[in-house]
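The structure under discussion appears below in the form of structure tokens.
The values are calculated or read from the model by the stated rules, or taken from the named source; none is laboratory data. Since the structure is predicted, the reported quantities are computational estimates derived from the model, not experimental observations. Here the Cβ is made from the backbone with ideal geometry for all residues, glycine too, and neighbour counts use every protein chain on show.
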Amino acid sequence: MRPPIAIEDLALSLPPKGRLAGLDLGAKTIGVAISDVERRLASPLKTLPRGAFMRDAEGLIAIFSEFEVAGIVIGLPLDLDGRDTPRAQSTRAFGRNLSMRTGLPVAFWDERFSTAAVTRSLIANDVSRARRARVVDRMAAAYILQGALDRLADVLAGDPKGDGAGRL
């Protein structure tokens, strides 16, 4: 069992190459995204129906195994002031339980505005309401994962503040 860790610690606990999975936990669905093995690009993968934890975990574990996932990033729904909400507490519990079941490192990433940003982008690209409903959760997971991947790149480049000072 591994407790959830800070994103900066995740960078140090991963092998040089290996995919990360990003999760956007909703009340009815779980959006899933996956990175490339070099952890540069996040891509939406699928949306799973949400149910009991054990069923959710089994579906996720199958995905993690299929894609040889090395770590997990879960979107954390904080309030506008950055404080935990009841949903954030539930998400933290889900992450702890998932880490115990998988043995994979789990980190959380602030997901505020992720669904809104993705929805705006889909509307701007004239995606129908029905199609938006089908893809928004997995695209939000990719948005969350991409933010975490960018932060991991900063940490590994020696830029702990994430202001670009450590990049070439």
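Structural remarks
- Region 11-35, subset over 19 Å from ARG50 (Cβ atoms) and of a type in the set (D, E, K, R), residue farthest from the chain's Cα centre (by Cα): LYS17
- Among the candidates ASP56, ASP110, residue that is closer than 24 Å to ASP9 by Cβ, in contact with a strand residue (DSSP E or B) (Cβ under 9 Å, 6 or more places away or on another chain) and among the acidic types (Asp, Glu): ASP110
- Matching residues in region 97-124 - criterion: being surrounded by 14 or more Cβ atoms within 10 Å (Cβ to Cβ), assigned to a helix (DSSP H, G or I) and at pLDDT 85 or above: ASN97, LEU98, SER99, ARG101, THR102
- From LYS28, LYS46, LYS17, residue being surrounded by fewer than 19 Cβ atoms within 10 Å (Cβ to Cβ) and touching an Asp or Glu at 6+ places or on another chain (Cβ under 7 Å): LYS17
- Check on LEU10, in a helix (DSSP H, G or I), in contact (Cβ under 8 Å) with a residue 12 or more places away in the chain and touching a Pro at 6+ places or on another chain (Cβ under 8 Å): yes
- Contact annotation: residue pairs with Cβ atoms under 8 Å, 6 or more positions apart or on different chains, pairing a residue in region 132-149 that is surrounded by 24 or more Cβ atoms within 10 Å (Cβ to Cβ) with a partner that is among the charged types (D, E, K, R) and modelled with pLDDT under 90, are ALA140/GLU111; ILE144/GLU111.
- Residue within region 86-99 that is under 19 Å from ALA33 (Cα atoms), of a type in the set (Val, Ile, Thr) and free of Cβ contacts under 8 Å to residues at least 60 places away in the same chain present: no
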